[in-house]
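Here is the structure we will look at.
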Amino acid sequence: MEPVTLTTLIWADIGKFLSNMWFFVLLVIIFAASMLIGHNAIPSLVSSGHVPNSLQKLRLPIYIVALISLLAALSFLYVGFGHGLDAISQIYPDYWI
């Protein structure tokens with residue numbers, strides 16, 4: 001099985017795949033940071049008395065940001081792998097040897 005010569009359309013699919021994967025990584029980092037702050041840091045700081053109790057009200061918006069970033073990350077992952085599979089199927093048109 002020999003790969004096909006890479007055309008500009010294949011490179012465009014590869015570029016879209018890589019862009020989507022970078023956005024996926026960025027959104028996963030935002031999700032993880034939001035969950036860490038909302039689920040760990042704020043309750044710990046409030047219970048120790050380092051920040052006022054009114055800061056607990058920020059947990060819901062932080063959780064909403066986390067949920068939105070998780071859903072966006074999953075959508076970028078889905079779309080990105082679609083472009084990646086398109087590029088692979090164009091480079092290697094036959095899956096079986």
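The values are calculated or read from the model by the stated rules, or taken from the named source; none is laboratory data. Because the structure is predicted, anything quoted here is derived from the model rather than measured. Counting neighbours? That spans all protein chains shown, and the Cβs are built from the backbone with ideal geometry, glycine included. Remember, those area values only see protein heavy atoms, side chains included, never the ligands or the DNA or RNA. Shrake-Rupley method; radii C 1.70, N 1.55, O 1.52, S 1.80 Å.
Relative contact order of the chain: 52 percent, from C-alpha pairs under 8 Å at least 6 residues apart in sequence.
Modelled this way, with points 7 Å down the Cα-to-C-beta line, the labels at Trp22 and Leu71 are 2.6 nm from one another.
Here the simple spin-label model places points 7 Å from the Cα toward Cβ, and for His39 and Tyr63 these points are separated by 1.1 nm. Highest average first, the peptides 60-66, 31-37, 4-10 ordered by how many other beta carbon atoms sit within 10 Å of their residues are 31-37, 60-66, 4-10. Which of these, Leu74, Leu85, Leu45, has the largest mean-square fluctuation under a Gaussian network model of the chain (Cα springs below 10 Å)? Highest fluctuation of the listed residues: Leu45.
For the Cα trace of the stretch 7-59, dividing Rg by the Kirkwood Rh returns an Rg/Rh value of 1.41.
A 1.4 Å probe run over the protein chains yields, for the chain, 73 Å² of accessible area per residue, whole-number rounding.
In terms of accessible area, using a 1.4 Å probe and ignoring ligands and nucleic acids, Lys57, Lys16 rank largest first as Lys57, Lys16.
Against the chain, whose longest principal axis comes from its Cα atoms, helix 59-91 is set at around 10 degrees. The string of couplings for the stretch 15-21 from the Karplus curve (6.51, -1.76, 1.60, θ = phi - 60°) is x, 5, 4, 5, 4, 5, 5 Hz, one whole number per residue in order, with x for Gly and Pro.
In sequence order, the stretch 31-38 has phi-based couplings of 4, 5, 5, 5, 5, 5, 5, x Hz under the Karplus curve 6.51 cos²θ - 1.76 cosθ + 1.60, θ = phi - 60°, and Gly or Pro positions carry x. Dividing the C-alpha radius of gyration of the chain by 2.2 N^0.38 Å, with N its residue count, gives 1.66.
Atom-type composition of the exposed protein surface of the chain places 75 percent of the accessible area on carbon and sulfur (1.4 angstrom probe). Solvent-accessible surface of protein heavy atoms, probed at 1.4 angstrom with all chains present, puts His50, His83 in the order His50, His83, largest first.
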